[in-house]
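Colleague: Let me give you the structure first, and then I'll get to my questions.
The values are calculated or read from the model by the stated rules, or taken from the named source; none is laboratory data. Just so it is clear, the structure is predicted and the values come from calculations on it, not from any experiment. Here the Cβ positions follow ideal geometry from the backbone for every residue, glycine too, while neighbour counts run over all protein chains shown. These accessible areas exclude ligands, DNA and RNA; they are computed on the full protein's heavy atoms, side chains included. Shrake-Rupley method; radii C 1.70, N 1.55, O 1.52, S 1.80 Å.
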Amino acid sequence: MRKLCLILGDQLDRASPLFKDFDPQHDCLWMAEVTQEATHVWSHKQRIALFLAAMRHFAAELTVKQYPLHYLKLDQHHAASLGEALAQTLQTTSPAEVWLVRPGDYRVLLEIVATCKHYNTPLKLLSDTHFLSTPGEFRRWAGERKQLRMEYWYRELRKRYNILLEDGKQPIGGNWNYDSDNRKSFPKSGPTAVPAPPNFATDNITQEVIRLVNARFPDHPGTLDSLQWSVTPVQAQQALTRFLDEALPQFGDFQDAMWQHQPFLNHSLLASSLNLKLLNPLEVIRKAEERYWQHRAPLATVEGFIRQILGWREYVHGLYWQHMPDWYEWNALDAQHDLPAFYWTGNTEMNCLRQAIGQTLQHGYAHHIQRLMVTGLFAQLYGVKPMQVHEWYLAVYVDAVEWVELPNTLGMSQYADGGRMASKPYIASGKYIQKMSNYCQHCRFNSAKAVGADACPFTTLFWDFLDRHEARFAAHPRMGFMVSNLRKLSATERNAIRAQAVSIRA
Ligand SMILES: Cc1cc2nc3c(=O)[nH]c(=O)nc-3n(C[C@H](O)[C@H](O)[C@H](O)COP(=O)(O)OP(=O)(O)OC[C@H]3O[C@@H](n4cnc5c(N)ncnc54)[C@H](O)[C@@H]3O)c2cc1C
Ligand code: SF4
């Protein structure tokens, strides 16, 4: 064999550079389902099922196209990890080279590098052309700056790909960013005409995977009666069209809003398809842009959506690779508490957390503000060890792949990186949740109160956070006003908040 081409579970790219110069006479594709990918964090059943079902659909397509494929099914071999599975294949086939598109997970990269080295087989790493920028380009751009901000990387990429520009230079409408238009909450009556999420019929392949996952991983979090997530590029295209037609026009306005028993609202639900490479990000961006030019969606909404993919998605990808493996070590706020057990059950009196965690366990999904300003916010205010928060996020979302999950969790949501990713901690009291949702109306706590039997734990812990980190943030240009509000509280009030925070953690 000339080369063995590895395809990982999040590399189901039909346009992968692996297919260039692939010679079916001498080369072979390789895919493996291994237990460790489901257990190294305690993965949600739907996350495991989605990866396996999408891999098996891709394998079926490759077989129809008569590609030589070495596919190891979970229930048909005993290798626990990708390294062990690859070792078995290298022993039996002795390829001259192993080829691999750069993986999205540092741990996996190390494992494959070590295995190839052990078997003395050269490993060729190909650039991941699915992204719109490379880690090397990001590193060069970052190297010239004291402080990194997503906005400036986003502008670079807008210009490079000529997205929403006039004469190829200036942003349409005069502004690069319409974020301030994208933070509305719903009126008291709630959201109107929320589009139904995609719902694909499960075929035999997916049904077999569902049975396998329920049998092999019965104690893993989440439910798996059916699978609503796209497992093929065709389904991903249908999901994209549904989003563009039905949800995009409203997406921008209510991007940050939350509502009781509304898990999806106007969000695209496309992250898992993008991350498994069933959908191409540039295609998604161009199709969204087209809606603006066709006057079918307003500029602020289209720009807001494009910014998530061209801006945030590319930015976190660059940041992940720029700082691995240092990310694992950082704990800038010295957070030392364990993750509360209710993160795995949703069993808490705090309604906002019950809603966000409940839908996560049911669907493997919560939207950005639920992740950032409900589950992430609580963990940060509580002071949970960053790696435990990271492991939870990596486990429970169907779209979780480490390159995107880790910087979002450790950087944006927990400030464990001390501000490399975000200029300040994303902290707020329960009043933010009160403003952006109707969760508080259905909660036994009072978001305005920091002390007392009905005090909102978010509000108590918000003041407690400022109290604990007063010295650090007093002179911070964007946090100073919060600290000066803290300083208006009397010593008695501050003591009462500290005591209440202790009782919450107990
Ligand atoms: C603590 C935390 C953990 C997160 N973990 C993940 C993760 O494991 N996988 C993941 O894809 N996203 C993650 N995100 C980012 C974001 O929350 C999800 O991409 C989004 O909620 C997915 O839902 P959607 O497809 O409906 O997105 P939409 O709200 O419709 O947004 C459109 C697309 O933009 C991209 N996007 C939006 N925000 C971000 C962001 N901050 N970083 C990167 N891409 C973004 C996604 O591809 C998403 O599909 C995380 C955010 C936080 C705060
Ligand atoms: S009152 Fe506090 S705990 Fe209850 S839903 Fe509102 S923010 Fe969450």
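Colleague: Ordered by residue, what ³J(HN,Hα) values in Hz, to whole numbers, does the stretch 263-271 give under the Karplus form 6.51 cos²θ - 1.76 cosθ + 1.60, where θ = phi - 60° and Gly and Pro are x?
Modeller: Per-residue couplings from phi come out as x, 10, 6, 9, 6, 7, 6, 9, 4 Hz.
Colleague: Summarise the accessible area of the stretch 3-126 (1.4 Å probe, protein heavy atoms) by the percent that is carbon and sulfur.
Modeller: 53
Colleague: Quick check: at a probe of 1.4 Å, how many percent of the accessible area of the stretch 341-505 sits on carbon and sulfur atoms?
Modeller: Whole-percent figure for carbon plus sulfur exposure: 54.
Colleague: Continuing with the same structure: Can you give the Rg to Rh ratio of the chain, both from alpha-carbon atoms, with Rh computed by the Kirkwood formula?
Modeller: Answer for the chain: 0.97.
Colleague: Please list 105-112, 327-334, 73-80, 376-383 highest first by mean number of surrounding beta-carbon atoms within 10 Å per residue.
Modeller: 376-383, 105-112, 327-334, 73-80
Colleague: OK, next. Arrange the peptides 3-9, 283-289 so that the one whose residues have, on average, the most other Cβ atoms within 10 Å appears first.
Modeller: The peptides rank, most packed first, as 3-9, 283-289.
Colleague: What does the accessible area per residue of the chain come to in Å², with a 1.4 Å probe and no ligands, DNA or RNA counted?
Modeller: Ligands and nucleic acids excluded, the result is 41 Å² per residue.
Colleague: If you average the C-alpha positions of the stretch 101-172 and of the stretch 315-369 separately, how far apart do those two centres end up, in angstrom?
Modeller: 24
Colleague: Oh, and also: Can you tell me which of 174-186, 448-460 comes out highest on packing, and rank the rest after it, using the mean Cβ neighbours within 10 Å?
Modeller: 448-460, 174-186
Colleague: Please report, for the Cα atoms of the stretch 3-126, the Rg to one decimal and the Dmax as a whole number; what are they, in angstrom?
Modeller: Final numbers for Rg and Dmax: 13.7, 40 Å.
Colleague: Under 5 Å between amide H atoms, partner at least 5 residues away or on a different chain: which partners does L72 have, H built in plane at 1.01 Å?
Modeller: Residues meeting the criterion, in which the H sits 1.01 Å from N, are M31, A32, E33.
Colleague: Relative to a virtual label point 7 Å from the Cα of N485 in the Cα→beta-carbon direction, which members of the stretch 420-457 show backbone nitrogen distances below 17 Å?
Modeller: 424-437, 446-451, 456-457
Colleague: Sticking with this structure for a sec: Out of T345, Y432, Y393, whose Cα points farthest toward the positive end of the dipole of the stretch 341-505 (charges: +1 Lys, Arg; -1 Asp, Glu; placed on Cβ)?
Modeller: Of the listed residues, the answer is Y432.
Colleague: Moving to a separate point now. So how far apart, in nm, are the two label points at Y328 and K424 if each is 7 Å from Cα heading toward Cβ?
Modeller: Between Y328 and K424, the simple spin-label model gives 3.4 nm.
Colleague: I need the phi-derived Karplus couplings for the stretch 411-428: 6.51 cos²θ - 1.76 cosθ + 1.60, θ = phi - 60°, integer Hz, Gly and Pro marked x.
Modeller: x, 5, 8, 10, 6, 5, 8, x, x, 5, 8, 10, 6, 8, x, 7, 10, 7
Colleague: What's the percent breakdown of Cα-Cα distances in the stretch 117-270 across 5 Å bins, shortest bin first?
Modeller: 1, 7, 10, 10, 13, 14, 15, 13, 9, 5, 2, 1, 0, 0
Colleague: So if we plug the beta-carbon distance of A474 and A15 into 1/(1 + (r/R0)^6) with R0 = 60 Å, what FRET efficiency do we get, rounded to 0.05?
Modeller: Efficiency at R0 = 60 Å is approximately 0.70.
Colleague: Related question: All other residues with a Cβ under 12 Å from the Cβ of F264 taken together, and with Lys, Arg as +1 and Asp, Glu as -1, what is their net charge?
Modeller: Within the 12 Å Cβ shell, the charges total 0.
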